[in-house]
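The values are calculated or read from the model by the stated rules, or taken from the named source; none is laboratory data. Quick caveat, the model's predicted, so the values are computed rather than measured. Cβ sites come from the backbone with ideal geometry, for glycine too, and all protein chains shown count toward neighbours.
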């Protein structure tokens, strides 16, 4: 993941966690809905902070991995167009990344923040979400 200089400085410690889920979607482009098609959505989240705990950890990988899986599980093997929040918004890769980021940010412990979420829907096609400070 690259650093976007428009955002606050990178924390001194970062972790990257990844997961994959399979889901279909049909986005609307220029008023036209494309055919339903599926992807293996590859998700990479980056979290960071400036302080480590007494064990030398920013946060336990297992906790974040559990939270990340819980966020994407309702979408796994489904049509995104039929599940919240994409039953009300266009299920673009950009909005999938944003939804994951916003949901994960709510679950992070004090002193840890979301740096970015990258969602790859096909080789060479990725969207990245950088939360605003």
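For segment 22-48, filtering for residues that are closer than 26 Å to residue 11 by Cα and out of contact with any helix residue (DSSP H, G or I) (no Cβ under 7 Å at 6 or more places or on another chain) leaves 4.
I'd like the residue in segment 81-95 that is in a helix (DSSP H, G or I) and over 15 Å from the mean Cα position of the chain (by Cα) and, out of all such residues, is surrounded by the fewest Cβ atoms within 10 Å (Cβ to Cβ). The selected residue is 82. Is segment 49-69 home to any residue that is assigned to a strand (DSSP E or B) and either out of contact with any helix residue (DSSP H, G or I) (no Cβ under 9 Å at 6 or more places or on another chain) or at negative phi (or both)? Yes, there is a match, as at least one residue in segment 49-69 is assigned to a strand (DSSP E or B) and either out of contact with any helix residue (DSSP H, G or I) (no Cβ under 9 Å at 6 or more places or on another chain) or at negative phi (or both).
Working only within segment 18-43, note down all residues that are surrounded by fewer than 18 Cβ atoms within 10 Å (Cβ to Cβ) and touching a strand residue (DSSP E or B) at 6+ places or on another chain (Cβ under 7 Å). Listed by number, the residues that qualify are 18, 19, 20, 22, 24, 26, 36, 37, 38, 40, 42. Scanning segment 39-61 for residues that are farther than 14 Å from residue 114 by Cβ and at pLDDT below 95 returns 50, 51, 52, 53, 54, 55, 56, 57, 60, 61. Checked against the criteria, residue 61 counts as without any contact (Cβ under 8 Å) to a residue 60 or more places away in the chain, exposed (fewer than 14 other Cβ atoms within 10 Å of the Cβ) and in contact with a strand residue (DSSP E or B) (Cβ under 9 Å, 6 or more places away or on another chain).
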